[in-house]
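Chemist: There's a structure below that I have some questions on.
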Amino acid sequence: MAVNNGSVNVTEAFPYISACGSYVPQSCLFSQICNLSSVLILWVVIIRFQQVCDLGNKCHRANIATLVLGFISAFGVSVLGNFQQSVSMGIHLLGAFLAFFMGLAYFWMQLWLTYRAEPSGDRCWMGPLRAFFCTLNTVFLIAMAILHNTGHKSPAAMFEWALVMTFFLLFSLFAAEFRHVQCHRLTVHKQEPLERRPEGNNAIM
């Protein structure tokens, strides 16, 4: 869309994702996709957190850390989508930092949990696969940052596209682990007034 309406010119330089989504009408679509992705990330992060909890391992603190990192990354995706670089470059870069760096930290923590929490049958193939994509993601992120800071914009933009695609692949790996999830239910407890609450019973379903 950005190429068709002339917002970017691929014959001059390969564009960043943000450059493609900076101007209307594609900026509206860019924001909507980022907001939807943010919600889906939150959903995946919460289900994964609960799954690791239900496995009954002793990695509770690490699991909480992944939950926090996942929330921050999802927030960053929403920020960079709603504050395009044509509107506020500083806030956009902050959102990109939170999305990419916190997201990468999230997946490295998930790799650690793979060897601590996963059943041995899944661990033997999921661990190396997740490690490969985490390493690839790290290489792409470092290369993008170095090339961008040294003025090589087109190669940096190519690494940015590759980085985002690798994030999609990392999230898709959860499909193999979520196949063990039969249901995910939210339970609400209704609290009774203190004067009517039976002794020793704090909540009812």
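Here, each number is a calculation from the coordinates, and none is a lab measurement. Note that the coordinates shown come from a computational prediction; the quantities given were computed from them, not determined experimentally. Heads up, the Cβs are rebuilt from the backbone with ideal geometry, glycines too, and the neighbour counts pull from every protein chain shown.
Chemist: Using alpha carbons only, what's the Rg to Rh ratio of the stretch 17-196 with Rh from Kirkwood?
Modeler: Rg divided by Rh gives 1.05.
Chemist: Ordered by residue, what ³J(HN,Hα) values in Hz, to whole numbers, does the stretch 139-153 give under the Karplus form 6.51 cos²θ - 1.76 cosθ + 1.60, where θ = phi - 60° and Gly and Pro are x?
Modeler: Once θ is set to phi - 60°, the couplings for the stretch 139-153 become 4, 4, 5, 5, 5, 4, 5, 5, 5, 5, 6, 9, x, 8, 5 Hz.
Chemist: I've got another one for you. Along the charge dipole of the chain, Cβ charges K/R +1 and D/E -1, which of 149, 71, 86 sits furthest on the positive end?
Modeler: 71
Chemist: FRET efficiency for residue 153 and residue 35, Cβ-Cβ distance as r, R0 = 22 Å, nearest 0.05?
Modeler: The computed FRET efficiency comes out at 0.25.
Chemist: Something else now. Residue separation times 0.36 nm, minus the C-alpha to C-alpha distance between residue 135 and residue 164: what's the value?
Modeler: My answer for the length gained is 9.1 nm.
Chemist: Sorted by average packing, counted as other Cβ atoms within 10 angstrom per residue and highest first, what order do 167-179, 33-45 take?
Modeler: Top of the packing list down: 33-45, 167-179.
Chemist: Could you work out the relative contact order of the chain, using alpha carbon pairs under 8 angstrom and six or more residues apart, expressed as a whole percent?
Modeler: This gives 19 percent for the chain.
Chemist: Can you give me the angle between helix 103-117 and the longest principal axis of the chain, using Cα atoms only, in degrees from 0 to 90, rounded to the nearest 10?
Modeler: Long axis of 103-117 versus the principal axis of the chain: about 40 degrees.
Chemist: Using a 7 Å offset from the Cα along the Cα-to-Cβ direction at both residue 146 and residue 64, what is the distance between the two label points in nm, to one decimal?
Modeler: It is 3.8 nm.
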